[in-house]
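As structure tokens, the structure follows; a few thoughts come after it.
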């Protein structure tokens, strides 16, 4: 069973136009995805389109730390145990509003020019 897993090819070498290094692509996809939506060329545009399309869907989940314990085993290793609260979620729309607010704050800051 283990040998059959080892022999199975999960990645295939890809020509990277002569750039140094070694690139591998998942064997299920013959070519890379060009773009998820037409006209989207940057990561910022991709995020904005995803937020428009999936506005009310859950995107980011966090959990509050309730309790943290450190146990030391007989052989001296330390184990940290944590108790976490329930997930609190942000939707795509919530995340987009937070990104817009952060970007607006950055936009009003004066540019810092490093001394020469």
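No value in this document is a laboratory result; all are computed from the given coordinates. Source: prediction; values computed, not measured. Here Cβ is always computed from backbone atoms with ideal geometry, including for glycine, and neighbour counts include all displayed protein chains.
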Q) Under a point spin-label approximation (7 Å from Cα along Cα-to-Cβ), what is the residue 108-residue 54 distance to one decimal in nm? A) 3.2
Q. In terms of the Cα gyration tensor, with a ≥ b ≥ c the square roots of its eigenvalues, is segment 65-116 rounded because a/c is under 1.5, prolate because a/b exceeds b/c, or oblate?
A. oblate
Q: Return 91, 42 ranked ascending by Cβ neighbour count within 10 Å, so the fewest neighbours appear first.
A: 42, 91
Q. How would you rank 22, 92, going from fewest to most other Cβ atoms within 10 Å of each one's own Cβ?
A. 22, 92
Q.
I need the calculated FRET efficiency for the pair residue 98 and residue 68, taking r as the beta carbon distance and R₀ as 30 Å, to the nearest 0.05.
A. 0.65
Q | Modelled FRET efficiency - R0 35 Å, residue 77 with residue 31, Cβ distances, 0.05 increments | A | 0.15
**Q.** Three-way shape label, segment 26-101, alpha-carbon gyration tensor, a/c 1.5
**A.** oblate
